[in-house]
Each structure stands twice: as C-alpha cells, then as structure tokens.
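Each remark here refers to the structure printed beneath this line.
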Amino acid sequence: MVRRLIWSVFAQQQKKEIFDYWNERNKSKVYSRNPDKFSNLLKSILY
C-alpha cells in the first residue's frame, strides 16, 4: 500500500518559509529546487 504525505495549508506555508530562510542564508536554491528530497526525508522519519 502506498502512503501519501498530505500537507496542511499551514505546513505548506511553513515549508516555504523554511526554504526561503535557507535559500537566503546559503545564497543557493539548489536544495529547495528538489522538494522531493525534503518529502523523502520526512517519509523516512515518519514511516
């Protein structure tokens, strides 16, 4: 059975704010261009 990660509106906003913060801090958008890495990390922690 495939599990889906469903983001609430609040969680989506916070995820964007986190990406924006790290993009500004690192002066690079490489990591946030691949949000699947973030989702995969969460899935590995949650499941």
Legend entry - Residues located in the range 1-15, provided they are exposed (fewer than 10 other Cβ atoms within 10 Å of the Cβ) and either among the hydrophobic types (A, V, I, L, M, F, W, C) or not in a loop (DSSP other than H, G, I, E, B) (or both): Met1, Val2, Ile6, Val9, Phe10
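Give the residue, chosen from Asn40, Asn23, that is at pLDDT 70 or above, surrounded by 10 or more Cβ atoms within 10 Å (Cβ to Cβ) and in contact with a Lys or Arg (Cβ under 6 Å, 6 or more places away or on another chain). Quick ask: steps written out before the conclusion?
Values: Asn40 fails: in contact with a Lys or Arg (Cβ under 6 Å, 6 or more places away or on another chain).
Selected residue: Asn23, the only one of Asn40, Asn23 that is at pLDDT 70 or above, surrounded by 10 or more Cβ atoms within 10 Å (Cβ to Cβ) and in contact with a Lys or Arg (Cβ under 6 Å, 6 or more places away or on another chain).
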Legend entry - Where a residue in the range 8-30 is at negative phi and its partner, wherever it lies, is part of a helix (DSSP H, G or I), with Cβ under 6 Å and at least six apart: Lys29/Asn23
Legend entry - Count - residues of the range 1-27 that are within 18 Å of Ile45 (Cα to Cα) and of a type in the set (Phe, Trp, Tyr): 1
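The values are calculated or read from the model by the stated rules, or taken from the named source; none is laboratory data. Owing to the predicted nature of the structure, the values given are computational and were not obtained by experimental measurement. Neighbour counts run over all protein chains shown; Cβ positions are idealised from the backbone, glycine included.
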